[in-house]
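Report on one structure; see the data block that follows.
Every number in this text was worked out from the coordinates using simple rules, so none of it is lab data. Just so we're clear, the structure is a prediction, and the values are computed from it rather than from any experiment. Here Cβ is always computed from backbone atoms with ideal geometry, including for glycine, and neighbour counts include all displayed protein chains.
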């Protein structure tokens, strides 16, 4: 009887499936440190603090489109303050960004690792002339969009994001998603298991970046 049960268990193994909708962060097991990988651009080079990149799509055509800084609909802001994604991958290039990371260890290493807390800032001449604070942040809940929209005007203390490997992405391609998930040293009261993915909502014909529960935006990084 025991042999029959064991045989039945092995027969059922190929039918076990796993969900990749939930993005899990690397954690420690048995008091061992997690394996932390460097985030890499489309050329396989590690992302560097202070360097300039475009956040691009791994897809072409209607599924593509770079991330850019643009005016928010119905906003009275004097400078563009919305974080958007172009409708098509066959159009204008996105607005360059730079990254600043929270240095846990005091190390001088400039490479950015998966799950590190980072600030994201737009870096272009027009924004500097406008005097706008271009650090990304999560805005208040927008009742019309049913989501919290990404905008500029963030602070170093409260505007942290993470870059993590996209679920089900090909092993030979560096495809990532962005999370709004402050680390324990940046925000001790923020639960690590309540990270929210950055995705896209449609706002007056434009793709606006926002916090979403499903379909996170898959991105890559292209050095400028």
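Quick look at the numbers
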quantity: Restricting region 167-176 to residues that are in contact (Cβ under 8 Å) with a residue 40 or more places away in the chain and surrounded by fewer than 20 Cβ atoms within 10 Å (Cβ to Cβ), the residue that is farthest from residue 198 (Cα to Cα); calculated: 173
quantity: Residues being in a loop (DSSP other than H, G, I, E, B) and free of Cβ contacts under 8 Å to residues at least 60 places away in the same chain - total across region 40-64; calculated: 2
